[in-house]
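Derivation of every value follows stated rules applied to the coordinates shown; laboratory data play no part. This is a predicted model, so every value here is computed, not measured. With ideal geometry, Cβ positions are generated from the backbone for all residues, glycine too; neighbour counts draw on all protein chains shown.
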Amino acid sequence: MEYRNLGRTGLKVSAIGLGTMVHAGHFGPMKDEESLSAIEAALDVGVNFIDTSDAYGAGYAESLLAKALKGRRDKVILATKGGNIMVGPNRGKTDFSAAYIHRVMDESLRRLETDYVDLYQLHNPTVDVIKRGEVWELLEQRKKEGKIRFYGVSINKMEEGVAAVEDGRSDTVQLEYNLLMQAPAEEVLPLAQKANVGVIARAPLRRGLLTGKFTPQDQQRLQADDVRARGFAGDLFKTELEKVERMRFLVKGSVQSLAQAAIAFCLAHPAVSVVIAGARDARQMRENAAASDLRLSSEDLQKAAEIWRSGFQA
Ligand SMILES: NC(=O)c1ccc[n+]([C@@H]2O[C@H](COP(=O)([O-])OP(=O)(O)OC[C@H]3O[C@@H](n4cnc5c(N)ncnc54)[C@H](OP(=O)(O)O)[C@@H]3O)[C@@H](O)[C@H]2O)c1
């Protein structure tokens, strides 16, 4: 396993991390034993960065992690998030007020059964929150109290990433970056690299589509609670899969699968500190972790970028 600097934090993170959204059932039903075996495999292959959120299963993923990490909390760099309301009448909305984040951060610490998290991320804040939110003072205060070691943002839109880097208070930016979603490489990653802001590349497999295991017919089998049913509704599933096929040329030589090629693509960008793929079980975790040792050629990286830039026409 390769280890990289998480921006200016001084933390050394494994190039491959583990995302735990799948373990809360957001990709269809999950069994705890499978989740625990995925986490076990992660630690076994040298993964030391685990990403979660109070939003995953409304705290379920955090509680599961506490169980998995009992007695070895110090072996991992633990990152969680807050700001999405998951229960009650405001479910589905966000709240980045200092009072709300203070409360939900304490709840995360309780569920994770830890005195501190290494990284606390605002979960999908707007540009306005990033520039003017009252939450930043709270984060600084909680850092001084030792409840969090560092803080950053997880964002959806490129302008939010740019705002976070320019604002300067975030130690890290988490964003979706993959072969089908290369905009970060043009709009955010160079800025982050210059400012030494750690980049956490999420959904490197485009939620599993970039493993090449799906056919258009599989869309009907996705269950309603699978994020892919909503996220790739209508024709989008099929058109995304057509794009996936354009990237199959990357599977050759030591690159044994499209999943590995997709992860190696993310790792090839020097701004990226850690690539967090979700892994349902130990097999997926081991396959993804093995991508840490792979290097795509500059010609192939260039070709992948050209295909994306042409809107998959080239
Ligand atoms: N706004 C945010 O902050 C935000 C949003 C999204 C994600 N995230 C974070 O980023 C992490 C990663 O993103 P993600 O989980 O959404 O997407 P992803 O990593 O692109 O895809 C993960 C899914 O792909 C499938 N998969 C993984 N490895 C595989 C392999 N080797 N072979 C075959 N299938 C494989 C698994 O689902 P199946 O087995 O069901 O196909 C797995 O759940 C999340 O867990 C979460 O921590 C954050």
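So for M1, M21, fewest C-beta neighbours within 10 Å to most, what's the order?
Ordered by Cβ neighbours within 10 Å, fewest first: M1, M21.
Within the range 225-259, which GluC sites (Glu not before Pro) sit in a loop by DSSP and count at most 16 neighbouring Cβ atoms inside 10 Å?
Qualifying residues, ordered by number: none.
Rounded if a/c is under 1.5, else prolate if a/b beats b/c, else oblate: with a ≥ b ≥ c from the C-alpha gyration tensor eigenvalues square-rooted, which is the chain?
Note, shape of the chain comes out rounded.
With 20 Å as the limit, write out which pairs from K81/K131; K12/K157; K81/K194; K93/K157 have Cα-Cα distances beyond it, or answer none.
K12/K157; K81/K194
Could you tell me which GluC sites (Glu not before Pro) in the range 142-213 are loop residues by DSSP with no more than 12 other beta carbons within 10 angstrom of their beta carbon?
Those satisfying the criteria are E145.
Give the distance, in whole Å, between the Cα centre of the range 241-265 and the Cα centre of the range 1-39.
21 Å
When a footprinting reagent is the concern and you count Cβ atoms within 10 Å, what order do V199, V129 take, fewest first?
Ascending Cβ contact count within 10 Å gives the list V129, V199.
Place a +1 charge on the Cβ of each Lys and Arg in the range 66-119 and a -1 charge on the Cβ of each Asp and Glu, then give the dipole magnitude about the Cα centre in debye, rounded to the nearest 20.
For this selection, approximately 260 debye.
So what's the back-of-envelope 222 nm ellipticity for the chain, counting only DSSP H runs of four-plus at -39500 (n - 2.57) apiece and dividing by all residues, rounded to 500?
Result for the chain, helices only: -11000 deg cm²/dmol.
Name the shape class, rounded, prolate or oblate, that the alpha-carbon gyration tensor gives for the range 151-270, where a ≥ b ≥ c are the square roots of its eigenvalues, rounded holds for a/c under 1.5, and otherwise prolate holds if a/b is larger than b/c and oblate otherwise.
Since a/c reaches 1.5 but b/c is at least a/b, the shape of the range 151-270 is classed as oblate.
Given the Cα-Cα distance of K31 and A99 and 0.36 nm per residue of separation, how much length would full extension add, in nm?
So the extension gain works out to 21.0 nm.
Net charge around A282, counting only other residues with Cβ within less than 12 Å of its Cβ (Lys, Arg = +1; Asp, Glu = -1)?
Net local charge, A282 excluded: -3.
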